[in-house]
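To keep things clear, I will list the structure first and then write my remarks on it.
The values are calculated or read from the model by the stated rules, or taken from the named source; none is laboratory data. Keep in mind that what you see is a predicted model, and the values were worked out from it rather than measured. Cβ atoms come from the backbone with ideal geometry, glycine included; neighbour counts cover every protein chain shown. Just the protein is used for accessible areas: all its heavy atoms, side chains included, with ligands, DNA and RNA removed. Shrake-Rupley method; radii C 1.70, N 1.55, O 1.52, S 1.80 Å.
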Amino acid sequence: MTPTFDNSYARLPAGFFELQPVDPVPDAALVALNRDLAARLGLNSDWLASPAGVAMLAGNAMPEGGEPIAQAYAGHQFGGFVPRLGDGRAVLLGEVLAPDGARFDLALKGSGRTAFSRGRSDGRAWIGPVLREYALSEAMAALGVPTTRALAAVTTGATVSRDGWQRPGAILTRVAASHMRVGTFQYFAARGNTDALETLCNYAISRHYPSADGPLGLLRAVAIAQGELIAAWMSFGFVHGVMNTDNMAISGETIDYGPCAFLDEYHPRKVFSSIDQFGRYAFGQQPQIAIWNLAQLATSLLPLMGEKDAAIEAASGAVDSFIPVYQAAWLRRFGAKIGLAEPTEDDLPLIHSLLERMATEQADFTRVFSALRRDPDAARAEFTESLAFDQWAEDWRARLQAEADPSTVMARANPLRIARNHQVEAMIEAALAGDYAPFYELNAALADPFTEDARYSGYETAPRPAERVSQTFCGT
């Protein structure tokens with residue numbers, strides 16, 4: 001079954017996008033196909049794996065009803081505003097209507113130059129970032145975190161030049177609730193185009209938050225969605241790495257898996273991105289950056305909110321909606337991680353005490369919490385000074401006496417396996433040598449991360465010192 005398209009974004013006025021034919025590739029070959037996601041979209045996996053389907057996934061053939069476009073947006077990148085970014089290496093094929101009526105963007109990432117490509121950019125991607133985003137986004141979905149999804153990865157039969165190396169080219173097919181970003185609103189606000197801004201606002205409301213009342217309601221809805229999202233990131237030790245405003249989706253999904261990483265040893269100031277020289281997007285900074293990004297969305301929406309002073313006050317209140325939502329979600333998630341079904345603010349000192357000791361001891365984030373659910377003595381072994389754990393555990397065990405089934409609560413909150421940085425890098429190195437087996441096994445290991453499975457026990461281990469990955473790089 002081929003996709004059923006209804007391309008509402010492509011019906012918006014001129015200026016929201018550029019029509020963008022997709023550059024063909026010489027020899028497309030399927031590397032990975034997400035059959036479960038295909039079924040969710042109402043697509044036939046056998047057709048997608050056929051020559052006709054692979055041609056669509058590579059951009060060599062346009063499906064009936066598809067309208068390829070490159071979307072326009074702006075963005076603050078590491079705090080500096082860039083008024084014109086846009087899809088420089090991605091093309092939105094169209095919006096697929098799933099059998100249940102849900103609407104999903106179907107986009108090709110790494111498919112070639114667009115009207116928004118900058119400088120000498122070829123708009124292409126190589127196999128490393130494509131497999132990285134496939135694995136990481138699907139791992140996040142398995143953890144229950146709102147995220148864009150990966151439908152397929154194909155190689156192109158061409159090479160791309162990166163940092164003096166020739167790399168095999170590849171294209172990711174990304175599925176999203178939409179690709180609207182904070183930067184999409186900034187694009188029109190920066191141009192003083194109030195009509196386009198109002199059109200975009202109404203469109204975003206109708207597509208994602210139909211109960212929202214006007215621009216203020218939209219801002220509040222986005223703030224609430226982001227509060228839940230960032231709390232989920234924090235609870236799994238996820239570091240996005242490049243929280244620019246063009247990488248914050250209005251839908252509340254995680255988008256852009258460039259220099260992202262999961263923590264090994266815990267520390268709130270941990271940074272992985274090679275381009276984040278000053279720690280702007282460090283792990284512990286993510287809630288504050290989300291608020292900063294929401295403030296930029298608020299600024300963009302102000303022209304639609306009436307009298308300026310009143311609008312600023314109301315918009316500030318809407319941005320602040322993030323704070324109680326985030327705090328409640330953080331407490332709920334971290335309380336569950338130590339076995340508390342209904343934690344209260346009185347439990348915050350207990351949670352923070354553990355995290356502080358973990359930071360001091362450089363304890364492994366995932367292994368400490370996964371050990372708590374199975375064997376607290378194993379959690380103790382994650383600390384170089386066991387006394388640090390013992391002092392905390394005495395208070396913890398006393399608190400758990402009031403809990404009916406803490407093990408079950410922890411089992412639902414603490415994954416055994418995450419996308420470890422060293423395992424992701426090893427998978428990419430194998431793929432460069434033409435071996436995709438580590439990629440397939442990594443995806444299988446992460447598909448059900450909360451369930452014990454002896455086949456994947458090796459994915460629960462922390463990296464040895466020589467395996468540690470201290471820097472991640474933007475996918476280009």
- Message: For segment 331-368, which positions are part of a helix (DSSP H, G or I), in contact with a helix residue (DSSP H, G or I) (Cβ under 9 Å, 6 or more places away or on another chain) and closer than 13 Å to GLY237 by Cβ?
- Response: ARG333, PHE334, LYS337, LEU355, MET358, PHE365, THR366, ARG367, VAL368
- Message: Condition check: in contact with a His (Cβ under 9 Å, 6 or more places away or on another chain), part of a helix (DSSP H, G or I) and either open to solvent by less than 30 Å² (accessible area, probe 1.4 Å) or not charged (D, E, K, R) (or both). Does LEU197 satisfy that?
- Response: no
- Query: Does segment 369-388 hold any residues that are open to solvent by less than 20 Å² (accessible area, probe 1.4 Å) and within 25 Å of VAL239 (Cα to Cα), and which are they?
  - Reply: PHE369, SER370, ALA371, LEU372, ALA379, PHE383
- Within segment 18-29, can one find any residue that is within 30 Å of ALA190 (Cβ to Cβ), in contact with a helix residue (DSSP H, G or I) (Cβ under 9 Å, 6 or more places away or on another chain) and of a type outside the set (D, E, K, R)? yes
- Does segment 335-366 hold any residues that are farther than 25 Å from ARG464 by Cβ and β-branched (Val, Ile, Thr), and which are they? ILE338, THR344, ILE351
- Task: Would you confirm whether any residue within segment 208-220 is buried (at least 20 other Cβ atoms within 10 Å of the Cβ), among the small types (Gly, Ala, Ser) and at negative phi?
- Result: no
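Output yes when any residue across segment 412-431 is open to solvent by 30 Å² or more (accessible area, probe 1.4 Å), touching a residue at least 12 places away in the same chain (Cβ under 8 Å) and either in contact with a Lys or Arg (Cβ under 6 Å, 6 or more places away or on another chain) or part of a loop (DSSP other than H, G, I, E, B) (or both), and no when none is. Quick ask: steps written out before the conclusion?
Looking only at segment 412-431, we keep the residues that are open to solvent by 30 Å² or more (accessible area, probe 1.4 Å), and these are 412, 425-426, 429.
If we keep only those that are touching a residue at least 12 places away in the same chain (Cβ under 8 Å) too, we end up with 412, 425-426.
Now restrict to residues that are either in contact with a Lys or Arg (Cβ under 6 Å, 6 or more places away or on another chain) or part of a loop (DSSP other than H, G, I, E, B) (or both): none.
Among the residues of segment 412-431, not one is open to solvent by 30 Å² or more (accessible area, probe 1.4 Å), touching a residue at least 12 places away in the same chain (Cβ under 8 Å) and either in contact with a Lys or Arg (Cβ under 6 Å, 6 or more places away or on another chain) or part of a loop (DSSP other than H, G, I, E, B) (or both), which makes the answer no.
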- Inspect all residues belonging to segment 210-231 and state whether any of them is closer than 30 Å to ALA125 by Cα and of a type in the set (Asp, Glu). no
- Task: Among the residues of segment 137-156, write down those that are surrounded by fewer than 23 Cβ atoms within 10 Å (Cβ to Cβ), touching a residue at least 24 places away in the same chain (Cβ under 8 Å) and hydrophobic (A, V, I, L, M, F, W, C).
- Result: ALA142, LEU143, VAL145
- What are the residues in segment 59-88 that are small (Gly, Ala, Ser) and outside any strand (DSSP E or B), if any? GLY59, ALA61, GLY65, GLY66, ALA72, ALA74, GLY79, GLY86, GLY88
- Quick one: in segment 14-56, of everything that is among the acidic types (Asp, Glu) and modelled with pLDDT of 95 or more, which residue is nearest to GLU95 (Cα to Cα)? GLU18
- Query: Residue check: is GLY183 assigned to a strand (DSSP E or B) and farther than 18 Å from LEU48 by Cβ?
  - Reply: no
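I'm trying to understand the selection: among the residues of segment 210-232, which are of a type outside the set (Lys, Arg), in a helix (DSSP H, G or I) and touching a helix residue (DSSP H, G or I) at 6+ places or on another chain (Cβ under 6 Å)?
Within segment 210-232, PRO215, LEU216, LEU218, LEU219, ALA223, ILE224, GLN226, GLY227, GLU228, ILE230, ALA231 meet the criteria.
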- Task: Go over the candidates THR173, THR159 one by one and state the one that is open to solvent by 10 Å² or more (accessible area, probe 1.4 Å), closer than 25 Å to ALA28 by Cα and not in a helix (DSSP H, G or I).
- Result: THR159
- Subset tally (residues that are part of a helix (DSSP H, G or I), closer than 23 Å to ARG124 by Cβ and open to solvent by less than 10 Å² (accessible area, probe 1.4 Å)) for segment 1-58: 4
